[in-house]
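One structure is given here, and the rest of the page talks about it.
The values are calculated or read from the model by the stated rules, or taken from the named source; none is laboratory data. Just so we're clear, the structure is a prediction, and the values are computed from it rather than from any experiment. Here the Cβ is made from the backbone with ideal geometry for all residues, glycine too, and neighbour counts use every protein chain on show. Just the protein is used for accessible areas: all its heavy atoms, side chains included, with ligands, DNA and RNA removed. Shrake-Rupley method; radii C 1.70, N 1.55, O 1.52, S 1.80 Å.
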Amino acid sequence: MNEFGGVVRVRGLFKEHGQGQGLVRAVDGVDLEVPAGQMLAVMGPSGCGKSTLLHLLGGLERPSDGQVWLAGQRIDTVNERGLARLRRRSVGFVFQAFHLIEELSAAENVELPVLLAGRSARAARRRAAFLLERFGLADRTRHLPWQLSGGQRQRVAIARAMANEPLVLLADEPTGNLDTAATLDVLRIFADLRAAGQTLVVVTHDERVAATADRLVTMRDGMFVDDTQLAGRTGRLDGLIGLED
Amino acid sequence: MQDAVLAMLAKEPSHGYQLRARLRRVLGPLGESMNAGQVYVTLARLERAGLVVCERVDGLPDRPDRKVYALTSAGQQRVAAWLTEVGWPKPDLAEFHLKLAAAAAARLADPVELVDAQRRELLRRLGEAQRALLAEPDGSTAGLLLEGVALRLQADLRWLEACERVWSRAGYESEGG
């Protein structure tokens, strides 16, 4: 943990793609700090740089300039091997298209990152069984991805992302392919994880997903243009409906 | 509220507290703020209008509320008419639309900032509705009401996005000559 206490912290972050006339500043001078246990949502139009930002936070891409810390450790200066290790153990990724391994069962998909982190097969099986049960998939552990609904596949993907108890869970449009009911299932899981102290960063187009976060930043052209605290005003639901006289 | 209370009486004559409990159950978390008096005020109005009758009965000694309310035939007709009505609340967007136009025309305020402030407020409301919805079990009637509230707020937020797009372009054009 660094002196500022943020699990995720970036300073003066830039990411450029292309060169010359084709140069695009996908991330254009971003400062951000996400405290432990916070759910941060990032919204913005397509191409605003929100996915690139997520990749920089999780070490999937390296910044053109600026610094990235994860739990107090600089990750932008870490070598490839260190970065790969960090992605395996300290960061959990969830994608819109699930990206499960189609040849492996739900349980095996969740076990894989535990095994890759060097733990025993027994530990991997236990962790997978625990997470799949927690996410309501106890009766789906032996199913292959194609035998599952989209919502179930995404829950398996979240279980996989949580396999090594990551410092931060990074989700890129996690409900983009899901219907309303499956979206609510995913949001219930996120709420449950946050209640257990998990730090989450969620990139989304869906206002209903973003609104459940503690804090929402809006990006445009690689920059933050709005930053709103959403949590804190609770229990006052009467303003939501107008039942007169 | 008057029509809803009348319609709930169509099932059977009821005490005020029974009506209130049923309303709260159907409204779920959104009904928690409903105060006790509201149902009784509504019942008194309905009685004056001749839509319900009130009968005193011998209740339990620990129940001070011994009045039972029942529909009159006029009340039954009103319920039947209410059920077939297709009226629907009209979205009240013109006021905000005019606010943006007036602010821009008189240079009183930046319409984009007004949109942003409104967006933050709606996002907070949406967050409250969504959190309450997540706490409801799947398929609950009260959850359905929260779902409707959330969907409307989402539609309003998308409209605000369109407002922001157009008004930020308008600002750019006037600055650019």
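Looking only at region A:38-57, residues that are in a loop (DSSP other than H, G, I, E, B) and open to solvent by 20 Å² or more (accessible area, probe 1.4 Å) come to 4 in all.
Among the conditions (1) touching a helix residue (DSSP H, G or I) at 6+ places or on another chain (Cβ under 9 Å); (2) assigned to a loop (DSSP other than H, G, I, E, B); (3) open to solvent by less than 50 Å² (accessible area, probe 1.4 Å), A:A107 misses just one, which is (2). Scanning region A:125-156 for residues that are of a type in the set (A, V, I, L, M, F, W, C) and over 21 Å from A:T175 (Cβ atoms) yields A:A128, A:A129, A:F130, A:A138, A:L144. Looking only at region A:2-20, decide whether some residue is closer than 23 Å to A:Q229 by Cα, out of contact with any strand residue (DSSP E or B) (no Cβ under 8 Å at 6 or more places or on another chain) and open to solvent by 50 Å² or more (accessible area, probe 1.4 Å). Yes, some residue in region A:2-20 is closer than 23 Å to A:Q229 by Cα, out of contact with any strand residue (DSSP E or B) (no Cβ under 8 Å at 6 or more places or on another chain) and open to solvent by 50 Å² or more (accessible area, probe 1.4 Å).
Within region A:175-187, being in a helix (DSSP H, G or I) and touching a Phe, Trp or Tyr at 6+ places or on another chain (Cβ under 8 Å) holds for no residue. Scan region A:131-159 for residues that are surrounded by fewer than 14 Cβ atoms within 10 Å (Cβ to Cβ) and in a helix (DSSP H, G or I) and the total you get is 5. Scanning region A:68-99 for residues that are open to solvent by 60 Å² or more (accessible area, probe 1.4 Å) and either outside any loop (DSSP other than H, G, I, E, B) or closer than 25 Å to A:T228 by Cβ (or both) yields A:Q73, A:R74, A:E80, A:R81, A:R85, A:R87, A:R88, A:R89, A:Q96.
Scanning region A:81-104 for residues that are more than 25 Å from A:V68 (Cβ to Cβ), modelled with pLDDT of 95 or more and touching a helix residue (DSSP H, G or I) at 6+ places or on another chain (Cβ under 8 Å) turns up A:L100, A:I101, A:E102, A:L104. For region B:114-142, a residue qualifies if it is free of Cβ contacts under 8 Å to residues at least 12 places away in the same chain and either at the interface with another protein chain (Cβ under 7 Å from one of its Cβ atoms) or touching a helix residue (DSSP H, G or I) at 6+ places or on another chain (Cβ under 9 Å) (or both), and the qualifying residues are B:R120, B:R124, B:G127, B:E128, B:R131, B:L134, B:P137, B:D138.
Residues in region B:30-59 that are open to solvent by 80 Å² or more (accessible area, probe 1.4 Å), over 14 Å from B:Q2 (Cα atoms) and within 13 Å of chain A (Cβ to nearest Cβ): B:E32, B:N35. Kindly indicate whether A:L60 is open to solvent by less than 50 Å² (accessible area, probe 1.4 Å), over 22 Å from A:Q229 (Cα atoms), not polar (S, T, N, Q) and not in a strand (DSSP E or B). In short, no.
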